[in-house]
Amino acid sequence: MDLDKSSEENGSPDPLKQELIRRHYLRRVRINLYRLFFGISCLLLWEVTSGRWIKELYISSPTAVLRRFVEWYASGFFFPHLAATLSEMALGFVIGGAFAILMGFIFGMKKLWAEILDPFLIALWSVPGVILGPLFILYFGIGLTPKIILVATTVFFLIFFNTLTGTREVNPELVSSIRLMGGSRTFIFHKVIIPSASAWIFTGLRNAVPFAIIGAVVGEMFSATRGIGWLIERASGVLDTTGVFAGLLNLLILGLLLNEGVAQLETHALRWKARGLEIGL
Amino acid sequence: MTDSVIEIRDVHKRFITRKANFLAIHSVNLSIKRNEFVAIVGPSGCGKSTLLNLIAGLDYPTRGKVLYEGKPVTEINTDLGYITQNDTVLPWRTVEENVGISLEIRKIPKALKDEKVRSYIQMAGLAGFEKFYPSQLSGGMRKRVGIIRTLIYDPGAILMDEPFGALDAQLKLVMQNELLKIFDETRKTILFVTHDLGEAISLADRVAVFSGRPGTIKKIKEVLIPRPRDIFKIRFSKRFGDLYEELWESLKEEVSKGESL
C-alpha cells in the first residue's frame, strides 16, 4: 500500500487512512490502560499480602520500597552508587560495543578469518561472561575497571554477532550496482555496508542493554566498595528485603531509560525504514 | 566493425558448482553498434542475465571474448550503466541522494551536482519527492529513480535486465514510452533484456531471440519501425504484427521447452 505524504500535503486527507490511524491510537490507549491496570493490581496484591499472609521480612511491601527509594534520593546517599554503576555500564557498553562493531565489520568482510575462528567464537559465546568476574577482579583490583571490562565482555558477543550477520546480509546487488558506477571499496563500505548493517547493529545494541546491567551489577556483587549491585548484595546480607527491592527498582528504571535511549537513536538512524506499517490492518 | 560499442565473440559460459555443472550460454555472437538499441528476448532462465553480467565484467566467459570499445572486458566495467529488474536504489538514501550518488563517486562539485540532480528529477517527473525515501515511493517511481540515477552519469552504454518486469501492464507501457523518449533524446547505446516480445519489438532497433538452456542467439531481426515511435499505437502497425508473428514462431518452441523442464 502506498502511504505517501501527498494526500496530507494537498489538504484532502484520505478517510480510510484517517480511520486506520484513529483505530491505531485507540488500540494504543487501550493497551496502555490495561497495562496500568495490571501493574496497579500486582502492586495492590503485593501490598495486601505483605505482613498479612507472608511475613514482611520476606517480601517487604511496595510502600516500604517506595519510602526507601525516596529516602535514598532525598538524603543523597544513593548518588555515588548510581554514579558508579552508571559509569561502569556506560563505559563498558561503549568500549565493548565499539570493539564488537569493529570486529563484526572486519570478520564480515574477511570471510576466511571468520571461518577459521568460528568454532572458537561460538565456544566463547556459550560461556556466560559474568563467570569471568572473579578473574577480572584478580587482574584489575576492586575498582571500576574490572566491572567495565565485565560489562564490555558481556555485551560484546551479542553486538559482534549482529554486526557480523548485518555485514553478510548486505544485498550483493546493491554492492555491484555501486561498483559498476565506479564506487571504491571505501565508498561501498561507508555508503552501502554500514547503513545496510545498521539495522542489525541496533538490534544488537538494544538486546545488549540488559546484559550491560547484569555485567555491572554482578561485578559489583563479587567485590566492590559501591554501586547498586554492592548495595543489593549488602542489603540481602543483613536480610533487608526492602533495600534489595529498592535497588532492583533502580535497576529497572535504569534498564528502561537506557533501552529508550538506544531506541531513540535507532529511530533517528533508521528513519529511512518504512513507517506506517504498524498502522496496518 | 570499429563502430561497435559492445562486441561478443563466440562466448561460452559454464557454471561449475558443487551441485551442478551446466553450460549457461554457448556460441553467442553479437555486436552492438553505437547509438543502437538492441533487445534480447527469451524465456526466463536462458542465460540472458549471465550475458549482461559478462559485458559488465561482473563475471567472465569460459570461452570467447567480450569486447567493450574494442578492448576485452577484464574487470568491472564502470563506463556502463546497468539497470536490473530488482530495485538497486539505496533504501537509506532519499531520492536526490540516490540520483546524485554516481556524481558523488566522481567527486563532482556540490553546486554542479545539485543542479544536475534537480534537472534529472524534473525530467523524470519526480519533483516534490526529492526528500522521500524509496520506501515511501511507488514501484514506478522507484524504477524512475533507478533509471535517472544511471542516465545522470552519462554511461557509454546501458544494459537493462527486465527493468519493467515487476510493473503492472499499464505502468509498463508508461515506462516504455518514457524510455523511448529518452532514447530519442539521448541516443544511448542500449542492450535491453526481456521475456516480453512485444516490449522488445516496440523499443528496439534489432531484436535477438535467445534459445533456452544453454542459451544462444537463435535469430536476429531488424525492427525497421521508424522513430519516434508511439508505444500505444505501434502494436497496431503491420510491421509490428508481421515481426511479432515471425519472432514468436521462433520463440514459441523455447518457451514450451522451458515449460517441460
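All of the numbers you see were taken from the coordinates with simple rules; none came from a lab. Values in this document were obtained by computation on a predicted structure and should not be read as measured data. Using ideal geometry, Cβ is built from the backbone for each residue, glycine included, and neighbour counts are taken over all protein chains shown.
If I fit a long axis through the Cα atoms of helix B:139-151 and take the longest principal axis of the Cα atoms of chain B, what angle between them do I get, 0 to 90°, rounded to 10? Tilt relative to chain B: about 90 degrees.
A straight Cα-to-Cα reach below 29 Å connects B:LYS219 with the lysines B:LYS13, B:LYS33, B:LYS48, B:LYS65, B:LYS71, B:LYS172, B:LYS181, B:LYS188, B:LYS233, B:LYS238, B:LYS252, B:LYS257, residues fewer than 8 places away in its own chain not being considered. Restricting the stretch B:88-131 to GluC sites (Glu not before Pro) that sit in a DSSP loop and have at most 16 other Cβ atoms within 10 Å of their own Cβ leaves B:GLU130.
Select from A:LEU144, A:PRO195, A:ILE178 the residue farthest towards the positive end of the dipole of the stretch A:62-279; place +1 on Cβ of Lys and Arg, -1 on Cβ of Asp and Glu, and compute about the Cα centre. Comparing the listed Cα positions along the dipole, A:ILE178 ranks first.
Listed values for the stretch B:185-200 are Karplus-derived 3J(HN,Hα) couplings in whole Hz (6.51 cos²θ - 1.76 cosθ + 1.60, θ = phi - 60°), namely 6, 9, 6, 6, 7, 10, 10, 10, 9, 7, 10, 9, 4, x, 4, 4, and x replaces Gly and Pro. Taking only alpha carbon atoms, chain B gives an Rg to Rh ratio of 0.97, where Rh is the Kirkwood radius.
Kirkwood analysis of the Cα pair distances in the stretch B:89-155 returns a hydrodynamic radius of 11.5 Å. Per residue, the convex hull spanned by the alpha carbons of the stretch B:1-54 comes to 82 Å³. In chain B, the longest principal axis of the Cα atoms and the axis of helix B:238-260 are about 70 degrees apart. Expressed per residue, the C-alpha convex hull volume of the protein assembly as shown stands at 229 Å³. Gain on full extension, evaluated as 0.36 nm per residue between A:VAL48 and A:THR186 minus their Cα-Cα distance, stands at 43.3 nm. When the Cα atoms of the stretch B:153-261 are aligned to their principal axes, the ranges along those axes come out at 41, 34, 27 Å in descending order.
Ordering B:CYS46, A:CYS42 from the fewest to the most neighbouring beta carbons within 10 Å gives A:CYS42, B:CYS46. Estimated from the Cβ-Cβ distance and a Förster radius of 60 angstrom, the FRET efficiency linking B:ASP230 and A:ALA90 is about 0.35. Computed about its Cα centre, the charge dipole of the protein assembly as shown is approximately 240 debye, with only Lys, Arg, Asp and Glu carrying charge at their Cβ.
If you take the Cα centroid of the stretch B:129-170 and the Cα centroid of the stretch A:25-67, the two points sit 56 Å apart. For the stretch B:58-99, the set of trypsin sites (Lys or Arg not before Pro) satisfying both a DSSP loop assignment and a count of at most 15 other C-beta atoms within 10 Å is empty.
Measuring how big the stretch A:115-237 is from its alpha-carbon positions, Rg and Dmax come out at 19.3, 66 Å.
In terms of surrounding Cβ atoms within a 10 Å radius of their Cβ, A:SER87, A:SER198 rank from fewest to most as A:SER87, A:SER198. Counted by neighbouring Cβ atoms within 10 Å, the residues A:GLU260, B:GLU199, A:GLU47, B:GLU254 run from fewest to most as A:GLU260, A:GLU47, B:GLU254, B:GLU199.
So what is log10(I(q)/I(0)) for chain A at q = 0.06, 0.16, 0.17 1/Å, when the Debye sum runs over its Cα atoms only? So the normalised log intensities work out to -0.30, -1.22, -1.27. Annotation: average projected area of the stretch A:19-103 is 10.7 square nanometres, based on the convex hull of Cα atoms across all directions.
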